[in-house]
Structure formats: C-alpha cells, structure tokens
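One structure below.
The values are calculated or read from the model by the stated rules, or taken from the named source; none is laboratory data. Computed from a prediction, not measured in an experiment: that's the story for all the values here. FYI the Cβ positions are ideal-geometry reconstructions off the backbone, even for glycines, and counts take in every protein chain you see. The protein model used for the area step is the full one, side chains on, heavy atoms only, and it has no ligands, DNA or RNA in it. Shrake-Rupley method; radii C 1.70, N 1.55, O 1.52, S 1.80 Å.
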Amino acid sequence: MRDLRVSVTDRCNFRCTYCMPRDAFGPDHPFLSRHELLTYEQTARLVAIFAGLGVRKVRVTGGEPLLRRDLHRLVGMLAAIKPIEDLALTTNGVLLPEQAERLAEAGLNRVTVSLDSLDDNVLRRMVDVEVHVADVLAGIDAASDAGLGPVKINAVVRRGVNDHTIVDLVRHFRGTGHIVRLIEYMDVGTTNGWRLDEVVPAREMIERIGAEMPLEPIDPNYRGEVARRWRHRDGGGEIGIITSVTQPFCSACTRARLSPEGRLFTCLFASSGHDLRSLLNDGADDERLARSIREAWSAREDRYSEVRTQLTARGRRIEMSYIGG
Ligand code: SAM
Ligand code: SF4
C-alpha cells in the first residue's frame, strides 16, 4: 500500500454522463449528509495512520472536492504529515481560479483537472451542465500560476461522443508541459449504462494521435503507475493512457481508497468497504485502527479488471462519484 485516494464528498456540480448521470443523481438522490462525512480532523488522523503503514502519495478527490468548505484547511493538515511525499488533488477545475492559490499555500503539490474535450458542445454532452471549456482552461491556468503544475489533464474517452476530439486535445497541450491522460471509459458503478463498444481501446487512441503527431512509448516513472506513457517524438512532451479495460494492471496495484464517511475500499470496483468510522466513533486508538487497516489490506483479493470479461453476475458496485477514481 503506497498510494491513498481520499474522497471528501459524494456531491458534484457536474453531472458527467459516465459518472453521475442526471437521471440517477437527481434532486432526490440520497447524498451523504454533512454529519455523515468524516471531519477534517478525523480524515487527517486516518491519513497519518495510513502513512505509518506505507502510504507516500495521497490524492484528494470526490465527487467534486472543491465543493467541500475550506478544503485548504484539510490540505494543510495532510501536508503536515511528514511521510507523505506527494499531495495531489483531482478536480473538474471550475472552482480552481478562486482556490488554487490558497491550496498551493496550504501545501498542495499538484492538481489533475478533468477536461474531456476542447469543443464546448462536446464537453457539455459529456458533463451535462452549462459549462464553457474556457472555465476549465481558466482553472488549469490558475493552478499553473499558483505553482501546482505541470497539470495533468484527464479525459474520459467515449466512442461516438468525444473520441473525434482527442487529437485536438493532445495537440492543444503539446509543448505546454501539461500532460494529457486519456482514460478508457470504465464500467464503474451501476448507473452509467456502460457498454464495451463505447470503449476506445488505448491502441486505437495511439494510432489516431500518432497518425498526426508521431509518438514513442516511454518507461513508467515507478512500479504500479497506472498510465502508460508516450512522448512526442519531436520533443513536445508526453501523454498518458489509462488502459484499465484493455490492459488491466490489478497485479501491480498499490492503491487504497477512503470514502467520504470513512470506509476503506481495496478496489475501485468493490461493492463494500471496511468501516473505519465506527472504530473512530468507538474511541479506537491508532494501533487498533492500524490493525484494522492492515487486516483489510492483507485480505484483499481484488482483481476485477483482470477478470471483468468472465464475470456474468454483477453485484452493486460503488459509484465513481462516491469513491473518486
Ligand atoms: N470531480 C473530480 C473530477 O472530475 O476530476 C474528481 C472526481 S472524478 C470521479 C475522478 C476522475 O474519474 C475524473 O478524471 C473522471 O473523469 C474519472 N471518471 C469518472 N467516471 C469514469 C468512468 N466511468 N470511466 C473512467 N473514468 C471515469
Ligand atoms: Fe463530478 Fe468528477 Fe464525476 Fe464528473 S467525473 S460527475 S466532475 S465527480
């Protein structure tokens, strides 16, 4: 266990069709209430325990993490946990212009911003809210100006919706130092109506981009890195492709996930988590919490992405907007 995703809310100001489709996440959706969320103090305490068990990289995510009030306060608390070497945030970007500076001052190292297309109409079809590409680009600039770059730009690729715009996206960010990461559309949760024929395989993405901008593969930065790296042959920087459908990487996975109300998940495709919050509420000491985390981690057998095509019966998997990717 090297890497922890901390989801701080299950709410979002977008309704991405692949993550929180509007018909399943309408006004009556039972989102977690405020008193169900871990407090920042509880989150930081748990993260410190995870750090004691080997975690060195922490990513704050959601839902949309920038909706959580005064998120910079949590960032400051996490940045103070010494063994943590890398503190990052994943966001849809539109609230970054007002928050990037104070997040950077609080000790955030890097951000990833999700941006599925540079075409306003295509972006709106993906995220299903009235947003302008310029709003997200302003967020990327704000992060960069605050010293949170180079920014990673995440784009989920859906055949027939935004796949015709990925070459433009890569071209736009070539030479900027920012790194576009194209994500194979995944069957997370049970609400997005995922179909295999909507997945554009990594190989096809590389062929389409490579036809205009020659690419060559490069080595991973570290064992267990989820993005396959490619670089522009002309020195214009690199891109990544997250191939969790066509080339799963379960066997190298070192990632744990903490939900907004304190459940530990050992896989993105799990259907149930280990309840750490009840232990917190029962007054468990750090040693007891560490033991519980260690037990859950060493008992894990998850390898969903490697066996997805053999699975017929499907349980009710957790939603991406709850656990944060
Ligand atoms: N709201 C923030 C955002 O969108 O960046 C953080 C949470 S979001 C769940 C984290 C990442 O998961 C985003 O980059 C999003 O594009 C990705 N994601 C969501 N649903 C997905 C799916 N079905 N397949 C692949 N990636 C997905
Ligand atoms: Fe919100 Fe991020 Fe999910 Fe889109 S991908 S609905 S921005 S949580």
Right, V94: in contact (Cβ under 8 Å) with a residue 60 or more places away in the chain, within 20 Å of T61 (Cβ to Cβ) and not aromatic (F, W, Y) or not? yes
Confirm whether T43 is more than 29 Å from D128 (Cα to Cα), surrounded by fewer than 18 Cβ atoms within 10 Å (Cβ to Cβ) and at pLDDT 95 or above. no
What do you reckon, is G237 open to solvent by 30 Å² or more (accessible area, probe 1.4 Å), under 21 Å from G62 (Cα atoms) and out of contact with any Asp or Glu (no Cβ under 6 Å at 6 or more places or on another chain)? no
State all residues of region 79-115 that are in contact with a strand residue (DSSP E or B) (Cβ under 7 Å, 6 or more places away or on another chain) and among the β-branched types (V, I, T); if no residue qualifies, say none. I84, T90, T91, V111, T112, V113
Restricting attention to region 214-234, which residues are assigned to a loop (DSSP other than H, G, I, E, B) and open to solvent by 50 Å² or more (accessible area, probe 1.4 Å)? P214, D219, P220, N221, Y222, R223, R233, D234
Helices (runs of 4 or more DSSP H) completely within region 244-325 that count 1 or more residues being more than 16 Å from ligand 2 (Cβ to nearest atom) and modelled with pLDDT of 80 or more: 277-281, 286-298
Mind telling me which of the residues R233, R174, R159 ends up being within 14 Å of ligand 1 (Cβ to nearest atom), of a type in the set (K, R), farther than 21 Å from S321 by Cα and at pLDDT 95 or above? R159
What is the number of the single condition among (1) on the phi > 0 side of the Ramachandran plot; (2) away from ligand 1 (no atom under 16 Å from the Cβ) that G63 does not meet? (2)
I need every pair where a residue in region 124-138 that is more than 14 Å from ligand 1 (Cβ to nearest atom) has its Cβ under 8 Å from the Cβ of a residue that is open to solvent by 10 Å² or more (accessible area, probe 1.4 Å) and assigned to a helix (DSSP H, G or I), sequence separation at least 6 or different chains. E130/R124; H132/D120; V133/D120; A138/P97
For region 46-66, which residues satisfy the criterion of being assigned to a helix (DSSP H, G or I) and buried (at least 22 other Cβ atoms within 10 Å of the Cβ)? L46, V47, F50, P65, L66
Are any of the residues in region 241-258 open to solvent by 60 Å² or more (accessible area, probe 1.4 Å) and of a type in the set (G, A, S)? yes
